[in-house]
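Okay, so here's the structure we're looking at.
The values are calculated or read from the model by the stated rules, or taken from the named source; none is laboratory data. Predicted model only: the values in this text are computed from it and were never measured. Heads up, the Cβs are rebuilt from the backbone with ideal geometry, glycines too, and the neighbour counts pull from every protein chain shown. Side chains included, ligands, DNA and RNA excluded: accessible areas come from the protein's heavy atoms. Shrake-Rupley method; radii C 1.70, N 1.55, O 1.52, S 1.80 Å.
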Amino acid sequence: MSFVDLIFLICGAIAIFSGWRVFCTDSMVRASFFLLISFIAVGVIMLLLGAVYLGVALFFMMAVEMMVMALFMVMFMMNPAGLNPMKMVHQDKFAALAGVVAFFALSAVAVFGDFPDQPRPSDLDPVVTLGKELLGDSMLVFESAGVTLLATMIGVVAMSSHRGRYGDANAGSRPPGLEPGGMPAFSGDQEGSSGGHHHHHH
Amino acid sequence: MAMNWLRQLAAKAPVPVYPLLAGNLRTDIQTMGLDPRIEWVASPRHARVLLVAGELSPATDRAFGKVHDQLPGPAASIWWQGQPLDSLADGATILDKADDLGRVAHQLQVDLLSGKHRGEPALCPDEPPEPWQGLGDIGHGGEGMMGGKPYGRSMAMPTDDLRDGLQLDPMAFSLGPFCSFLPPGLEANVTLHGDVVASFEVCSTPYPSLLPGVFEKALEGPVSITELELARARHYLHQLGHALWINQSGTVAHAVFAKARSLKPGESLNKLKKQLIYTGFYRSAGADKGVLGDSQALMTGGVAARACGRGSDARVDDDGYRSLGFKPLVMDRGDAAARWWLWLEEAQRSLQLAHDAGPGHVKTSNTRSVELLRGASRDGQLPEDGTAMLEDLLPGLEWSEAMAVLASLDLSAVQRAGAGAEGTL
Amino acid sequence: MTASLTNALLVMAILAIGVYLVAIINRAWANALGHSGAGNPFTAPFYSAASLWVAPANTTEAPDAMAWHLAPVLYLTLAAMGLALVPWSQNLVPVDLTTGIVLWGALEPLATVVIFLHGWSANAHLSMLGAYRYVSLGLSYLLVSMFVLIGVALPAESLQFSAVVESQAGLWNVIRQPLGLPLFLLVGLGISFWGPLNFADSNDLAGGTSSESSGRARLVWQAGRAVMLVAFSAIGATAFLGGWLGPVLPGFVWMILKTMVVLAMALLLGQLIPRFSPDRFLTIAWVLLLPLAFVDLVWAGLEALP
Amino acid sequence: MELTELLTLLIIGLLTFAVGLWLSGRPITKPQYRAAPPWPQRAPFLGGGSPENHAWNRFHARYYPMTLLLIAFEMEMMFMYPWAVVYVAEGMKALVEMGMFLAILSVGIIYGWREGAFKWQ
């Protein structure tokens, strides 16, 4: 067994173990960061595969994303640190079944799939190739990704920002009616501060 | 007792001391911190020695016990200007002269490190904050996900938010009276939504500030304007230094305290002035916050009022000052930065007045109306405590802005040194 | 394998020296600015470190034990990995990764995660406030840092730090892309939460994320901050001041000198400039610094066009 | 080649981690641990005050719209790095393309700014 194999096995074990811990820990913050560890281990495996750019990019993408996920977990979840015991999984039997099926399906692909086996040409620089691709055939895809991201940004701001074009969210903002033009779904107190935002997540 | 080499090295470090102020002694503490053998720390966790400055009152015993026990042991206390608690009186280290602090603290550090001093006993009982109400072995919660007292503390329940139409879990705690970032003695119940202050309820007012001797005399009869103004300049520089420290400019603050220790009449503060402008101090955290309303400005008086454009300065009623061509300094912005700015301007002008008055030549003439360090005395009436306005001023501010605004206001009552006996002490 | 070990040991040595250097320069600046208590810059760091070493440890009522213990260690580790990317001379590059710039970009958000964990895991109010406040900063300077570093990658046609140095043989990036270094300096103060960007461990929170820790855990935390600042300075010197390039003196001497210049600048700014308000900095970072970083990138791009 | 560099990085990481663990000493953070400091020492520091509840609660991070914007923006960095490498080779075309891409995203930033997404909510 070569050194690379050893690292691969260790990282694979870390990825699976921390992925499993995500569902066992009570704390939302811990769960997010266990997921981060899992992704980092996968990133290292990508490095071993020679995908240096993708592996490293996975680190920074996932670090930011898991940080934000942890923030939102703490913002929305009651008992975010798991001070009171709770069950982190729903429909666990179905999920376990789906997991097993997915595992075997992917394993089947891995075992029976017909993979090309020619080695990477030694002078190929994946980052350069990727860059050329972005400026070549995939330019349209690339630019439309920009438009998609813009739509995401606008949607995010429109939904989450407190101060909008029509003034503060709490000044006159009401939940929408159940039917167009109908009464607000929740007729709360006069300040319009809705009390209906209990988050029954677990 | 023998120490290993690491402890010998550690003994040479400046002693990390947490200053616990049981009186309005921040100015003295700041001067004492110039001693290179000690170093003030912001949290008792970082301290080896506790300096208890002032006379503890029975009302704060519990709070004192909490802070005292939070020093990782073995730790010891030094008592200055006050009697040790009975339970700690045995072998207590008492400081007679402020200048001795470095030596005494250093000796204490050596004793603690060598094991000669075993540390002080804890004052609070060694038990969890609240009885564990739990089901599991380690005190896991009560019923449901939110109830109970997991690990000995209750969990927050949602309340309406200050700004959003959301319901949020408030973060509620009481602060003080021994916080290094609050005025000494101020105790408050604070509720935060996120890091924004949702409510700030003052539970006990800061310790009254005692008039320096020369102001005491100015209320009795004519005193030298030079002396009076030097004391004033010193005071404002110390206030400014504290604001700098809160805003993470500890080194500059230290230099300001060092300057304040040896002020000379006519000295120029231009270098400091320029430095603060160019480094953006007047645009730092909270600088544009804490604008006082009219009644708040009048209540606070002094610099805070003049920073809002309320040009009352009792010195215009004094012939001595009038002969020096005195005119009050007024600004109209009224925010924290305006008060910081005016502190420095006042200090500069006081130094100028001290110079113009010459040593002992020009004296004050009016004893009925004297401009004190905060506000004015009118017919023997001294400024009263104004911390109640914080309840209106701080909510809605982000934490660091709120702390900066607090550091721009001097709201404690003013007391004459002799009046301490019938005061709160 | 042997080469790897030698390089690793070299980085460890630089790490140790770096911590000492930060302490020396910081104290020297404090002395210069009129701080009477800073002590002898050369001996005082040892005393302070020993004092922290022998100080007893602390814990809180119900901490996230593992995260609290590991956060300072992980921060130090991230800082060391950043330091490893620095090319000290043409032949002395501990880790000459073809995607070094991307890895540095990954270390920044990972550091944010670790700093957040450090403040969060104590389950104490003031330290947690510091942690949340820091995240607003950590996520704001990230883009600025990435844009600025991509700017230096343009003329180099590579994401490798050694290639970035070689691309500056004609003219240093500090002149070609004048906006880069000032923007990057702010990033450095942010990532080690120093001075004006010390949102995590500030005085108005009684020490913020470290307000509950003492002793050796705090020593590691402070050392991590120092190493992070050194790593940042060395990367700054590499990316903008031409790294090992320079006449007469050997390459690594130039590199050390340039690193010290950036480090000294960062430390001076740290002592002089008061802390921003987090609210204000958020706006500044996105509305002022990010567009400036765009300008820097376009500038770099136009300049690099053949 | 690359794997050697990564190995060095791994060694450096592990070595620093080990040194850091040794420096930071024995963990005493577990409540069950016998040498844990007494309870009063472990209470959260509030200058003599006391908390009403655990610090670990739902926490309203006031800058949350910014984090969402960042995630959207950060996706774009994935494209920037490969672009930077081929920039000089591709010349003007690369500049125009990335300029267009950035311009599109800048609209998002400007919109966010206008709606106050970069303020404490």
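Using the Kirkwood formula over every pair of different C-alpha atoms, what hydrodynamic radius in Å results for the range C:126-261?
On the way: mean 1/r = 0.0622 Å⁻¹.
16.1 Å is the Kirkwood radius here.
Assuming a ≥ b ≥ c are the square roots of the Cα gyration tensor eigenvalues, decide whether chain B counts as rounded (a/c under 1.5), prolate (otherwise, with a/b larger than b/c) or oblate.
Verdict is oblate for chain B.
Let me see the pair-distance distribution of the protein assembly as shown: every alpha carbon pair, 10 Å bin width, integer percents in order.
The calculated distribution, bin by bin, is 2, 10, 19, 23, 21, 14, 7, 3, 1, 0, 0.
To the nearest 10 degrees, how steep is helix B:61-70 against the longest Cα principal axis of chain B, on a 0 to 90 scale?
On a 0 to 90 degree scale, this one is about 70.
Which percent of Cα-Cα pairs in the range B:229-329 sits in each 5 Å bin, short to long?
2, 11, 17, 20, 21, 18, 9, 3, 0
What order, most packed first, do the peptides C:114-121, C:18-25 have when packing is the mean number of other Cβ atoms within 10 Å of each residue?
Working: C:114-121: 28.8, C:18-25: 21.0.
For the peptides C:114-121, C:18-25, the packing ranking is C:114-121, C:18-25.
If you scale each eigenvalue of the Cα gyration tensor by 5 and take the root, what three semi-axes come out for the range C:156-233, rounded to whole angstrom and sorted largest first?
Details: eigenvalues 232, 42, 11 Å².
Computed over the range C:156-233, the values are 34, 15, 7 Å.
For chain C, which whole percent of the accessible surface, found with a 1.4 angstrom probe, sits on carbon and sulfur atoms?
74 percent
Report, to the nearest 10°, how far helix C:251-272 tilts away from the longest principal axis of the Cα atoms in chain C, using its own Cα long axis and a range of 0 to 90°.
50 degrees
Which three semi-axes in whole Å describe the equivalent ellipsoid of the range C:246-306, each the square root of 5 times a Cα gyration tensor eigenvalue, listed largest first? Before the final figure, lay out each step's value.
On the way: eigenvalues 175, 111, 6 Å².
So the equivalent ellipsoid measures 30, 24, 6 Å along its semi-axes.
Interface B/C, total buried accessible area with a 1.4 Å probe, nearest 100 Å²? Intermediate values should be presented prior to the final figure.
Working: alone 20480 and 13810 Å², together 30130 Å².
Using a 1.4 Å probe on protein heavy atoms, the buried area is about 4200 Å².
At 1.4 Å probe size, with the rest of the protein present, what percent of the exposed accessible area of the range B:209-422 is carbon and sulfur atoms? Intermediate values should be presented prior to the final figure.
Working: 4060 of 7940 Å².
Within the range B:209-422, the accessible surface is 51 percent carbon and sulfur.
Write down Rg/Rh for chain C, rounded to two decimals, with Rg from the C-alpha atoms and Rh from the Kirkwood relation over Cα pairs.
Computed over Cα atoms, the ratio is 0.96.
Just checking the output field for B:174-187: average partner chain Cβ neighbours within 10 Å of each residue's Cβ?
Shielding by partners across B:174-187 averages 4.
May I ask for log10 I(q)/I(0) of the range C:7-146 at q = 0.09, 0.11, 0.15 Å⁻¹, from a Debye sum over the Cα atoms as equal point scatterers with solvent left out?
-0.38, -0.58, -1.05
Per the 1.4 Å probe, what fraction of the accessible area of the range A:11-72, in percent, lies on carbon and sulfur atoms?
84 percent
At each listed q (0.11, 0.14, 0.15, 0.20 Å⁻¹), what is the log10 of I(q)/I(0) that the Debye formula gives for the range A:1-79 modelled as equal alpha-carbon point scatterers?
Values, matching the q order: -0.32, -0.49, -0.55, -0.84.
For chain C, what does the accessible surface come to per residue with a 1.4 Å probe? Please give it in Å².
Each residue of chain C exposes 25 Å² on average to a 1.4 Å probe.
Chains D and C: buried accessible surface, both sides, probe 1.4 Å, rounded to 100 Å²?
6900 Å²
What total accessible surface area, summed over both chains, is buried at the interface between chains D and B, computed with a 1.4 Å probe and given in Å² to the nearest 100?
Summing both sides, the interface buries roughly 3200 Å².
Is there a pair in B:LYS264/B:LYS363; B:LYS217/B:LYS264; B:LYS289/B:LYS327; B:LYS274/B:LYS327; B:LYS12/B:LYS66 whose C-alpha atoms are over 25 Å apart, and which pairs would that be? Please list the in-between numbers first.
Numbers: B:LYS264/B:LYS363 18 Å; B:LYS217/B:LYS264 21 Å; B:LYS289/B:LYS327 27 Å; B:LYS274/B:LYS327 23 Å; B:LYS12/B:LYS66 29 Å.
Those over the limit are B:LYS289/B:LYS327; B:LYS12/B:LYS66.
Which of D:LEU102, D:LEU46, D:LEU21 moves most in a GNM of chain D, Cα contacts under 10 Å?
Comparing D:LEU102, D:LEU46, D:LEU21 in a Gaussian network model of chain D, the most mobile one is D:LEU21.
Sorting check: for A:130-142, B:334-346, which peptide has the highest mean count of neighbouring beta carbons within 10 Å, and how do the rest follow? All intermediate terms of the calculation are to be shown ahead of the outcome.
Details: A:130-142: 16.5, B:334-346: 24.2.
In descending order of packing, they fall as B:334-346, A:130-142.
When Cβ neighbours within 10 Å are restricted to other protein chains, what is their mean count per residue of peptide B:112-123? Present the calculation step by step, with values, prior to reporting the outcome.
Working: counts 1, 4, 0, 0, 0, 0, 0, 1, 0, 0, 5, 1.
Mean number of neighbouring Cβ atoms from other chains: 1.
Quantify how strongly other chains surround peptide B:209-222 by giving the mean number of their Cβ atoms within 10 Å of each of its Cβ atoms.
Details: counts 0, 0, 0, 0, 0, 0, 0, 0, 0, 0, 0, 0, 0, 0.
Rounded to a whole number, the mean comes out at 0.
What list of ³J(HN,Hα) values in whole Hz, one per residue of the range B:37-49 in order, does the Karplus curve 6.51 cos²θ - 1.76 cosθ + 1.60 (θ = phi - 60°) give from phi, with Gly and Pro shown as x?
Each residue of the range B:37-49 in turn: 7, 10, 8, 6, 10, 8, 10, x, 5, 8, 9, 10, 10 Hz.
How compact is the range B:34-75 by the rule of thumb for globular proteins, expressed as Cα Rg over 2.2 N^0.38 Å?
It is 1.26.
Would you mind classifying the range A:33-116 by shape? Square roots of the alpha carbon gyration tensor eigenvalues, ordered a ≥ b ≥ c; an a/c under 1.5 is rounded, otherwise it is prolate if a/b is larger than b/c and oblate if not. Mind dumping the intermediate values first?
Working: a/c = 3.66, a/b = 1.31, b/c = 2.79.
It is oblate, given that a/c is not under 1.5 and a/b is not larger than b/c.
Find out how many positive minus negative residues lie around C:ILE284, taking Lys and Arg as positive, Asp and Glu as negative, among other residues whose Cβ is under 14 Å from that of C:ILE284.
So the surrounding residues net to +2.
What residue among C:HIS69, C:HIS125, C:HIS35 shows peak mean-square fluctuation when chain C is described by a Gaussian network model with Cα springs under 10 Å?
The residue that fluctuates most here is C:HIS35.
Express the accessible area of the range B:312-364 per residue in Å², computed with a 1.4 Å probe while the remaining protein chains stay in the model.
41 Å²
Can you order the peptides C:76-89, B:92-105 by their average number of other Cβ atoms within 10 Å per residue, highest first? All intermediate terms of the calculation are to be shown ahead of the outcome.
Numbers: C:76-89: 25.6, B:92-105: 16.6.
Ranking, from highest mean packing down: C:76-89, B:92-105.
How much of B:VAL110 can a 1.4 Å solvent probe reach, expressed as accessible area in Å² and rounded to 10?
40 Å²
Quick one: ranking D:VAL19, C:VAL227 by accessible area, 1.4 Å probe, largest first, what do you get?
D:VAL19, C:VAL227
Along each principal axis of its Cα atoms, how long is chain D end to end? Whole angstroms, biggest number first, please.
68, 49, 20
When only C-alpha pairs under 8 Å and at least 6 residues apart count, what is the relative contact order of the range B:5-114, in percent?
Dividing the mean separation by the residue count of the range B:5-114 yields 30 percent.
Quick one, can you get me the convex hull of the C-alpha atoms of the range B:209-422 expressed as volume per residue in Å³?
116 Å³
Roughly how tilted is helix B:225-246, in degrees to the nearest 10 and between 0 and 90, from the longest Cα axis of chain B?
Approximately 30 degrees, to the nearest ten.
To the nearest µm²/s, what D does Stokes-Einstein give for the range B:5-114 at 25 °C and 0.890 mPa s, using the Kirkwood radius over alpha carbon pairs as Rh?
Estimated diffusion coefficient is 176 µm²/s.
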